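Student: Right, I'll just put the structure down here and ask away after.
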Amino acid sequence: MYEYYAPVLWSFLEKFNLPHVDIEDSIQTTFIKLWENKEKIEEGKPLKNFLMTLAKNDLYNKVKRNIIAQKYLNNLIPEEETEMDNSKELQMILLRILESLPEKRATVFRMSRLEGLKNDEIAKELGISKSTVENHINNSSSLIKKILKNLGFNLLCLFSFFS
């Protein structure tokens with residue numbers, strides 16, 4: 001069962017841009033949870049969906065634990081240092097998300113939110129309509145917000161990226 005479903009879980013978890021060690025750990029934890037909850041497996045229902053739910057819940061629990069640990073560390077480490085670390089981490093995550101977007105959408109988002117260009121300027125420079133620029137920005141912003149929210153970032157802190 002492990003040999004059959006581990007690659008499926010691997011490709012599912014890989015979409016979250018996790019380090020390989022964390023993916024391996026989540027797969028192991030998922031199969032442990034499967035064994036612990038074997039009585040909840042319903043006959044005739046796909047095991048794949050149950051495993052993916054277990055894996056996703058494991059990720060969410062890890063994110064929650066990391067948030068709690070970060071809050072604890074924030075009380076121990078001077079605030080200036082953690083703000084710098086959080087800002088750098090957020091920028092790295094944002095860049096990774098932008099790399100996964102379609103090229104044109106990522107370019108429009110960078111020009112708008114990171115370089116500070118106006119929609120008219122972007123449309124003119126890229127040779128596209130202003131409404132296309134707005135669509136790219138709206139679509140990429142909502143996707144980025146969703147991903148960051150799933151990673152446990154407080155959206156109020158991220159307002160500067162999207163305003």
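Student: Do we have any residue at all in the stretch 136-146 that's among the β-branched types (V, I, T), surrounded by 13 or more Cβ atoms within 10 Å (Cβ to Cβ) and modelled with pLDDT under 85?
Tutor: yes
Student: Against the conditions (1) out of contact with any Asp or Glu (no Cβ under 9 Å at 6 or more places or on another chain); (2) open to solvent by 50 Å² or more (accessible area, probe 1.4 Å); (3) modelled with pLDDT of 80 or more, where does K130 fall short? Just the number, please.
Tutor: (1)
Student: Additional query: Could you please tell me which pairs satisfy a Cβ distance under 9 Å, a separation of 6+ or placement on different chains, a first residue in the stretch 106-128 that is aromatic (F, W, Y), and a second residue that is crowded, with 17+ Cβ neighbours inside 10 Å and not in a loop (DSSP other than H, G, I, E, B)?
Tutor: Matching pairs, first to second residue: F109/L98; F109/H136; F109/I137; F109/S140; F109/I144.
Student: Anything in the stretch 9-43 that is among the β-branched types (V, I, T) and surrounded by 15 or more Cβ atoms within 10 Å (Cβ to Cβ)? List them, or say none.
Tutor: Scanning the stretch 9-43 gives I23, I27, T29, T30.
Student: Hey, another quick one. Cβ-Cβ below 8 Å, separation at least six or inter-chain, first residue in the stretch 132-145 and more than 15 Å from S100 (Cβ to Cβ), second among the small types (G, A, S) and open to solvent by less than 70 Å² (accessible area, probe 1.4 Å): which pairs?
Tutor: Close Cβ pairs satisfying both conditions: T132/A123; V133/S112; V133/A123; I137/S112.
Student: Sticking with this structure for a sec: For E115, work out the one condition from (1) modelled with pLDDT under 85; (2) open to solvent by less than 70 Å² (accessible area, probe 1.4 Å) it doesn't fulfil.
Tutor: (2)
Student: Determine the pairs where a residue that is in contact (Cβ under 8 Å) with a residue 40 or more places away in the chain, located within the stretch 10-34, has a partner that is loosely packed, with under 13 Cβ neighbours inside 10 Å with Cβ atoms under 6 Å apart, the partner being 6 or more residues away or on another chain.
Tutor: N17/R96
The values are calculated or read from the model by the stated rules, or taken from the named source; none is laboratory data. Keep in mind the model is a prediction, meaning the values are calculated, not measured. Backbone-built Cβ (ideal geometry, glycine too); neighbour counts: all protein chains shown. The area values use the complete protein model at the heavy-atom level, side chains included, leaving out ligands, DNA and RNA. Shrake-Rupley method; radii C 1.70, N 1.55, O 1.52, S 1.80 Å.
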